[in-house]
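For reference, the structure is listed below as structure tokens.
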Amino acid sequence: MLNRRMRIFGWIILALVALGMAIPAFAQRKPPYFASIAADKARMRTGPGRNYPASWLYQRADLPIKVIDIYGDWRKIEDPDGTQGWMQVNLLSDTRTAMVTGTVTEMRAAPNFNARINWRAAPGVVGRIRACSGGWCWFDVRGRGGYVEQSHIWGTEPGETLN
């Protein structure tokens with residue numbers, strides 16, 4: 001009786017492990033979607049494989065990117081300048097980040113134009129975004145945060161809502 005219970009328990013554990021390994025494959029997001037570069041140094045390649053030449057070396061972790069295609073463990077990405085190429089998925093993160101575009105933008109205490117200005121961010125500044133709603137996003141640059149107009153950052157779709 002004990003031997004039979006051990007065998008059933010073993011099958012249950014095996015099934016749970018197999019299910020846990022299968023979930024990431026089912027959970028793969030469909031492009032296009034925004035992500036960020038996780039590594040301090042990441043090479044963009046001309047094709048989906050290490051045998052393709054590197055076309056760019058990024059040395060900026062948290063840089064926002066847009067995933068536009070998937071091929072196995074490779075992602076075709078687009079950077080804020082519009083450059084496209086392929087990068088290994090292990091160099092990327094699902095952490096949502098954004099980059100200030102255009103001119104200096106105010107980071108406000110609340111999502112409206114009358115709110116106090118907490119900080120100002122210059123074009124090219126990268127920060128993490130936690131939430132977006134009504135055309136405003138909470139933008140955090142190494143602990144200095146505030147609401148920015150969504151139209152002043154690259155890393156979200158126009159009008160996108162994030163919770």
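Just so you know, all these numbers are worked out from the coordinates, no wet-lab data involved. Just so it is clear, the structure is predicted and the values come from calculations on it, not from any experiment. Cβ: placed from backbone, ideal geometry, glycine included. Neighbour counts: every protein chain shown.
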Quiz prompt | Radius 14 Å from Cβ of R128, net charge of other residues (Lys, Arg +1; Asp, Glu -1) | solution = +2
Practice problem: Would you mind ranking R128, R116 by Cβ crowding within 10 Å, fewest neighbours first? | Solution: R116, R128
Self-check item: Span from the the range 100-142 Cα centroid across to the the range 44-64 one, whole angstrom
Solution: 28
Self-check item: Selected from N90, A54, I70, residue furthest toward positive end of dipole (the range 33-95; charges at beta carbon)
Solution: A54
Self-check item: Global geometry of the range 33-95, whether rounded, prolate or oblate, following the gyration tensor of its Cα atoms and the 1.5 cut on a/c
Solution: rounded
